[in-house]
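The values are calculated or read from the model by the stated rules, or taken from the named source; none is laboratory data. In this text, all values refer to a predicted model and were calculated from it rather than measured experimentally. Quick reminder, even Gly has a Cβ in these numbers, built from the backbone with ideal geometry, and neighbours come from all protein chains shown. Note: accessible area is taken over every heavy atom of the protein model, side chains too, but ligands, DNA and RNA are not part of it. Shrake-Rupley method; radii C 1.70, N 1.55, O 1.52, S 1.80 Å.
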Amino acid sequence: MKKILISTLLILPLFASAQKLLKPSVDKITSDTTWATSKEKIYMHGNYLTGQGEGVLSVVEKIKTGKEEAVVLILNVQTVNQRAVYSIVKGGKAYLKLSDNSIITLTSSTLDFGNPRVGLAGDMVITTGSAFGLYDLSREDIEKIKANTVTFLRVETTTGNFDCDIKPKSSDILKKQIELVEAGK
């Protein structure tokens, strides 16, 4: 019973979210403006009996520097009570398979060693891990995502591929996030 309660409490924040565009962040020195969406769960798989789970959160940011704009996809790979701790290396790939069977290949522009943690809840040891990958989206990538839905995601990590079958209810999240940041002026 304790395991179920603890697992539910750890995973509950992933369920309580509403997709929205956050207030823009303006750099006080350079006047660069960053528009970002709220974190959205695009993949979640958990086993409540063992207290294990994994998920992927996404954020889309539009960074405006002078007249140049860049759109960045941030993927946050998370685990609970898994044996593997994930790290995402600079130059690592992420693959988005779309509903038309085309594949978008993205390259990580950052290195994240991950953030493993170990804690105790009563007499149970709880381990968590989290790693971020930042991927630049080209105009072609954005148009493909807006025209289709995402059906599968693969993130290359130091411990192997992190594969995710995207459920239909989550397949339009990236498209909506891109539309939100594009609406930000």
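For the stretch 109-116, the criterion of being outside any strand (DSSP E or B), modelled with pLDDT of 85 or more, at negative phi and not aliphatic (A, V, I, L, M) is satisfied by at least one residue.
Would you call Val155 among the aliphatic types (A, V, I, L, M), open to solvent by less than 20 Å² (accessible area, probe 1.4 Å), within 26 Å of Thr79 (Cβ to Cβ) and touching a residue at least 60 places away in the same chain (Cβ under 8 Å)? Taking the combined requirement at face value, the residue satisfies it.
Look at the stretch 16-42: where a residue is at pLDDT 75 or above and a partner is open to solvent by 60 Å² or more (accessible area, probe 1.4 Å) and part of a strand (DSSP E or B), sitting 6+ places away or on another chain with Cβ atoms under 6 Å, you get Asp32/Thr65; Thr33/Val26; Thr33/Lys64; Thr34/Ser25. Filtered by the rule that a residue be farther than 15 Å from Gly133 by Cβ and open to solvent by 20 Å² or more (accessible area, probe 1.4 Å), the stretch 35-53 gives Trp35, Lys41, Met44, His45, Gly46, Asn47, Tyr48, Leu49, Thr50, Gln52. The residues listed here are Gly133, Gly122; of these, the one that is touching a residue at least 40 places away in the same chain (Cβ under 8 Å) and at positive phi is Gly122. Taking the stretch 77-110 as the search range and keeping residues that are polar (S, T, N, Q), surrounded by 16 or more Cβ atoms within 10 Å (Cβ to Cβ) and within 17 Å of the chain's Cα centre (by Cα), which one is farthest from Ser171 (Cα to Cα)? Among those that are polar (S, T, N, Q), surrounded by 16 or more Cβ atoms within 10 Å (Cβ to Cβ) and within 17 Å of the chain's Cα centre (by Cα), it is Ser87.
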